[in-house]
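S.K.: If you scroll down you'll find the structure; I have some questions about it.
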């Protein structure tokens, strides 16, 4: 007998709809409706029709009234697998959010033509070419089911069989993928952005045919992404490579998840419920029993905590060649030169043989300017943001709102002349072009990203994270503006700088010098000695003493003062450590930060979720404004937001 009741998840961000609703399955749909398929169902309010997914099928319902029937079957393909649904539900509960918001990240929008073509196609029968896994002791065991490892990546470049230069970590990930595929199972590799993704795909193609590789990328068209998603539904071996949402990819027979550089800010989901790739991967590993690897040139503080509590094993390569790091002090030249004389000599010698990388802090010509006479920082009169000069000979422009200050004058002394406080890629290019006449200069930043450069001598000026991959490696790496990078007020800035510098240093050729300008102390020594794990341990110890994340968990509650106070007051005092705030926000609201232990997380999330529902219900009962409009609730809940601690 076919099931008569379908329990449906409504595709809506409304908190009150974040549960399963029972609907009757019409007789003409009984043989087609399946768990995971898309349907359209009626809502009792206003006679509206909503999209949804069938999560469960049953013979009876606990609802005593008459069930509304399913309006229509959109597609019979079970695109929402039980594994992904359970992951979405667990992830949302941990963050006091809606499961439908997570499912929206996991399941792309439907494309009918793509779906029809996929149904008519056959599963690929390609085979995997065997490859040895070298560099790590017991490397195949890294992807044994149930293992959890923090892997320190080898910091150098490598070449594939066709001569393509890729990072050593990308080749390691590809080699581990061949181990998984040889077992007839699946592996998910998540990376911060498309540049990392392209390196992995280049390394994977060396031994794995394209038919067994699925790319899930935000840069894809909607049709391409849906086609790749459908291929993930097929049983059998497959490599799934993508950005943060790839961690939710449907993967029956999942054997391993690899997360590259979990500390990168691009792994933090900007949409509610703001779940980090790291947290989603940890939950999925617990639910599926697969292997989980966090790989990186540096170890995040969050990962270090997992190592120290015994949840992760620390894995280091047998032979780890360290970059040749040189710390230089600009004050040795009197403090006037941005680039010390030792760095100039290093660059000049290296340019005789190949490309030289120069990393700078900011794009543009002069990101920050000030009054030439009194040196007061130039500010935008519209929003108060810092003024900068985006291009040579252009007027100053606000970095926040984009307003042009053509007739700027100093509020303090009235002077109309500006001085450069910082130098971006444009100004650095101009300076180095004059210093090294005849040498090609390549600029790579957020506005003009370049993925690769040749092995010919050239000066490559790049912002952090935008460094092109060089054929054969850079013959010297100059890391400028280290002190300016450290000046940013953020809890994670020391670890971020260490990660940015390590990523650039990993692109140096063997024995090529890496010069870090203007940074010493504990951070500089950790970089020079290449001991990022020890630095992460020290950073974690400091945060434990101050009760900062990840030593404890935090949740920020922001919105109207009354709503924030009521929400925080609803928490049992025994469930949290303390409350910081409320403090005023720029939008007129306030924010309180609650710190609590990991063991109290479920209790805190349940209470805050209940309070959010209460606030929404109060808004719905409140008198509507003119035209029937009710403003959205002024309450936002966000867990584990490190940027609020400055």
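The values are calculated or read from the model by the stated rules, or taken from the named source; none is laboratory data. Since the structure is predicted, the reported quantities are computational estimates derived from the model, not experimental observations. Heads up, the Cβs are rebuilt from the backbone with ideal geometry, glycines too, and the neighbour counts pull from every protein chain shown.
S.K.: Just to be sure I understand, how many residues within the stretch 480-514 are modelled with pLDDT under 95 and part of a strand (DSSP E or B)?
M.R.: Looking only at that region, the number is 0.
S.K.: What strands (runs of 3 or more DSSP E) lie completely within the stretch 271-384 and have 2 or more residues being over 30 Å from residue 133 (Cα atoms) and modelled with pLDDT under 90?
M.R.: 369-371
Okay, residues lined up against (1) free of Cβ contacts under 8 Å to residues at least 12 places away in the same chain; (2) over 29 Å from residue 201 (Cβ atoms); (3) in the same structural domain as residue 612 (by TED's automatic domain parsing); (4) out of contact with any strand residue (DSSP E or B) (no Cβ under 7 Å at 6 or more places or on another chain):
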residue: 271; (1), (2), (3), (4): no, no, no, yes
residue: 280; (1), (2), (3), (4): no, no, no, yes
residue: 291; (1), (2), (3), (4): no, no, no, no
residue: 298; (1), (2), (3), (4): no, no, no, yes
residue: 344; (1), (2), (3), (4): no, yes, no, yes
residue: 347; (1), (2), (3), (4): no, yes, no, no
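S.K.: Could you tell me how many of the residues in the stretch 248-268 are farther than 22 Å from residue 199 by Cβ, in a loop (DSSP other than H, G, I, E, B) and either modelled with pLDDT of 95 or more or touching a strand residue (DSSP E or B) at 6+ places or on another chain (Cβ under 6 Å) (or both)?
M.R.: Residues flagged as farther than 22 Å from residue 199 by Cβ, in a loop (DSSP other than H, G, I, E, B) and either modelled with pLDDT of 95 or more or touching a strand residue (DSSP E or B) at 6+ places or on another chain (Cβ under 6 Å) (or both) within the stretch 248-268 amount to 2.
S.K.: Could I ask something else about it? Quick one: which residue in 222, 246, 256 is more than 18 Å from residue 183 (Cα to Cα) and either crowded, with 20+ Cβ neighbours inside 10 Å or in contact with a helix residue (DSSP H, G or I) (Cβ under 8 Å, 6 or more places away or on another chain) (or both)?
M.R.: Every option except 246 fails the conditions.
S.K.: Criterion first (outside the structural domain of residue 159 (by TED's automatic domain parsing), crowded, with 20+ Cβ neighbours inside 10 Å and within 21 Å of residue 169 (Cα to Cα)) does residue 467 satisfy it?
M.R.: Judged against the criteria, residue 467 is a match.
S.K.: All but one of (1) crowded, with 17+ Cβ neighbours inside 10 Å; (2) over 20 Å from residue 109 (Cα atoms); (3) touching a strand residue (DSSP E or B) at 6+ places or on another chain (Cβ under 7 Å) hold for residue 57, so report the exception by its number.
M.R.: With respect to (1) crowded, with 17+ Cβ neighbours inside 10 Å; (2) over 20 Å from residue 109 (Cα atoms); (3) touching a strand residue (DSSP E or B) at 6+ places or on another chain (Cβ under 7 Å), residue 57 is out only on (1).
S.K.: Looking at 185, 238, 219, which is the one that is more than 30 Å from residue 304 (Cβ to Cβ) and over 22 Å from the mean Cα position of the chain (by Cα)?
M.R.: 238
S.K.: For the stretch 432-440, indicate whether the set of residues that are crowded, with 16+ Cβ neighbours inside 10 Å and part of a helix (DSSP H, G or I) is non-empty.
M.R.: yes
S.K.: Of all residues in the stretch 461-479, which are farther than 20 Å from residue 166 by Cβ and more than 25 Å from the chain's Cα centre (by Cα)?
M.R.: Answer for the stretch 461-479, where residues must be farther than 20 Å from residue 166 by Cβ and more than 25 Å from the chain's Cα centre (by Cα): 476, 478.
S.K.: Does residue 165 count as surrounded by fewer than 22 Cβ atoms within 10 Å (Cβ to Cβ) and in contact with a helix residue (DSSP H, G or I) (Cβ under 7 Å, 6 or more places away or on another chain)?
M.R.: No, not satisfied.
S.K.: Restricting to the stretch 387-400, what's the tally of residues that are farther than 17 Å from residue 425 by Cα and at pLDDT below 80?
M.R.: Residues that pass the stated criteria total 1.
S.K.: Okay, next question. Of the numbered conditions (1) over 25 Å from the mean Cα position of the chain (by Cα); (2) not assigned by TED's automatic domain parsing to the domain that holds residue 173, residue 135 satisfies every one except a single condition; which is it?
M.R.: (2)
S.K.: What do you reckon, is residue 523 outside the structural domain of residue 615 (by TED's automatic domain parsing), over 23 Å from the mean Cα position of the chain (by Cα) and not in a helix (DSSP H, G or I)?
M.R.: No: the conditions fail for residue 523.
S.K.: While we're on this one: Which condition does residue 461 not pass, out of (1) in contact with a helix residue (DSSP H, G or I) (Cβ under 8 Å, 6 or more places away or on another chain); (2) assigned to a loop (DSSP other than H, G, I, E, B), if it passes all the others?
M.R.: (2)
S.K.: How do the helices (runs of 4 or more DSSP H) wholly within the stretch 61-128 filter down when requiring 2 or more residues that are modelled with pLDDT of 95 or more and in contact with a strand residue (DSSP E or B) (Cβ under 7 Å, 6 or more places away or on another chain): which remain?
M.R.: Here the list reads 99-106.
S.K.: Residues that are part of a strand (DSSP E or B), surrounded by 14 or more Cβ atoms within 10 Å (Cβ to Cβ), under 33 Å from the mean Cα position of the chain (by Cα) and not assigned by TED's automatic domain parsing to the domain that holds residue 328: does the stretch 398-419 have at least one?
M.R.: Yes, because at least one residue in the stretch 398-419 is part of a strand (DSSP E or B), surrounded by 14 or more Cβ atoms within 10 Å (Cβ to Cβ), under 33 Å from the mean Cα position of the chain (by Cα) and not assigned by TED's automatic domain parsing to the domain that holds residue 328.
S.K.: Let me ask you something else. Select from the stretch 1-13 the residues that are surrounded by fewer than 16 Cβ atoms within 10 Å (Cβ to Cβ) and modelled with pLDDT under 90 and list them in ascending order.
M.R.: Within the stretch 1-13, 1, 2 meet the criteria.
S.K.: Something else now. Could you check the stretch 259-276 and list, in sequence order, the residues that are in contact with a helix residue (DSSP H, G or I) (Cβ under 9 Å, 6 or more places away or on another chain) and farther than 21 Å from residue 602 by Cβ?
M.R.: Selection gives 259, 260, 261, 262, 263, 264, 265, 266, 267, 268, 271.
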